[in-house]
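Quick notes on the structure that follows.
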Amino acid sequence: MQLKHGEKTDKEDDSPVTVADYGAQALVAWSLRRAFPGQPLSLVAEEDAVDLREPSGAAMLDRITSLVNEALAIEHPQVARLSSAEVADLVDVGCSEGGGVGRHWVLDPIDGTRGFVGQRQYAVCLGLLQDGQVALGVLGCPNLPQYAITDADCDEGQAARSFSEESVGTIFAASKGQGAYAGPVFGGMPTQRIHCNDSLPPSQVRYMESFEKRHSNHGLALQIGAEIGVELPSLKLDSQAKYGALSRGDASIFMRFPDAAYREKIWDHCAGVAIIEEAGAVITDALGNPLDFSQGRFFPYLNGGIVAATPSMHRAIMAAIRKIRELEPKEE
């Protein structure tokens, strides 16, 4: 998808949001309501329609409404067209606060919006929490190849190069206790069972980190990698596509060490956690504690970051982090 003028804007935190983010959120909310009629729907999602309801957002809302109705006409031609007000209401379905009781869907409609805009990697991510525990997850990664990802697949503009290839576009799905699966993004629910690869020595493993340095301390990741014996350069890619790549063995490690003031949102990890855990990988905070999805829209303090890896690599990383922290100068 090539964005046109007026189809992207910036939020207060300087992160981009596009018609695709809003449109995907509206469509997922509509689909969940249709799938579970008469049931209360709690959806914790990234976007809201506050700006769209302002006079300055009218043109973008009209464009989103048009795109949503186009998509519905293809999949559900019998459905009446939605008004702009109805589309804005669907976006705002995602304003649930979540929590540790009951069932909450968790959505990032376009995870890695900068990657989406830059025609790199991005993902549509839907997870389900049951009483604060991750119960299932689905990742749609339209630019991720069905073969093992390479450096070239992470480059700026790679989507324009590979979009027409039949081997590009992967969907991942997992349900608690049922395993993780992958398949073509337009092939229905995936059926190929996948597992992380925990058989490689440190010198042969690849680790992944965010494409943009603003999202993580790449220097610390490099230091940890050197400590555990990693020799290959990192794969830098956007979004929870990293979780998909880890779950099928493309890489063995994902490390994320954001600025101390940054608050991690649950929609940036929920679906991916379901996938990697069912594929045999481990994910914790930087001290080895499980991620706590029961505290609402944001995680509580994560002790400096998030580490996802194969079991042996996760143990090695935890030991390396402890060693590095012990060597840090102590404050007087």
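The values are calculated or read from the model by the stated rules, or taken from the named source; none is laboratory data. This structure is a prediction, so every number in the text was calculated from the model and none was measured. When we count neighbours, we look across all protein chains shown, and the Cβ atoms used for this are built from the backbone with ideal geometry, even at glycine.
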Handout entry: GLN158 among the polar types (S, T, N, Q), out of contact with any His (no Cβ under 7 Å at 6 or more places or on another chain), surrounded by fewer than 24 Cβ atoms within 10 Å (Cβ to Cβ) and at pLDDT 90 or above
Key = no
Handout entry: Hits in segment 302-332 (condition: surrounded by 13 or more Cβ atoms within 10 Å (Cβ to Cβ) and assigned to a loop (DSSP other than H, G, I, E, B))
Key = LEU302, ASN303, GLY304, GLY305, THR310
Practice task
Check segment 227-242 and report whether any residue there is in contact with a His (Cβ under 8 Å, 6 or more places away or on another chain), of a type outside the set (A, V, I, L, M, F, W, C), at pLDDT 95 or above and on the phi > 0 side of the Ramachandran plot.
Solution key: no
Practice task
Could you tell me whether any residue of segment 294-306 is more than 19 Å from the chain's Cα centre (by Cα) and among the hydrophobic types (A, V, I, L, M, F, W, C)?
Solution key: no
Practice task
Report whether or not SER239 is among the small types (Gly, Ala, Ser), within 30 Å of VAL168 (Cβ to Cβ) and crowded, with 24+ Cβ neighbours inside 10 Å.
Solution key: yes
Exercise for the section: Scan the helices (runs of 4 or more DSSP H) fully inside segment 175-292 and keep the ones with 3 or more residues being under 23 Å from LEU136 (Cβ atoms) and either hydroxyl-bearing (Ser, Thr, Tyr) or in contact (Cβ under 8 Å) with a residue 12 or more places away in the chain (or both). Expected result: 241-247, 270-278
Exercise for the section: Check SER42, SER66 and return the single one that is in contact (Cβ under 8 Å) with a residue 12 or more places away in the chain and of a type in the set (Ser, Thr, Tyr). Expected result: SER42
Handout entry: Unmet requirement for GLN78, which otherwise passes all of (1) assigned by TED's automatic domain parsing to the domain that holds ASP21; (2) within 27 Å of LEU144 (Cα to Cα); (3) surrounded by fewer than 24 Cβ atoms within 10 Å (Cβ to Cβ); (4) of a type outside the set (Gly, Ala, Ser)
Key = (2)
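A quick yes/no check of all residues on (1) within 25 Å of ALA274 (Cα to Cα); (2) touching a helix residue (DSSP H, G or I) at 6+ places or on another chain (Cβ under 9 Å); (3) surrounded by 20 or more Cβ atoms within 10 Å (Cβ to Cβ):
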site	(1), (2), (3)
THR170	yes, yes, yes
PHE186	yes, no, no
ILE194	yes, yes, yes
ASP198	yes, yes, no
LEU220	no, yes, no
GLN223	no, yes, no
Practice task
Output the residues belonging to segment 300-312 that are at pLDDT 95 or above and farther than 29 Å from SER199 by Cβ.
Solution key: none
Practice task
Filter segment 71-99 down to the residues that are in a helix (DSSP H, G or I) and of a type in the set (Val, Ile, Thr), then identify the one that is farthest from LEU52 (Cα to Cα).
Solution key: ILE74
Problem - Options ALA49, ALA29, ALA59, ALA20: the member that is without any contact (Cβ under 8 Å) to a residue 60 or more places away in the chain and either buried (at least 19 other Cβ atoms within 10 Å of the Cβ) or part of a strand (DSSP E or B) (or both) - result: ALA49
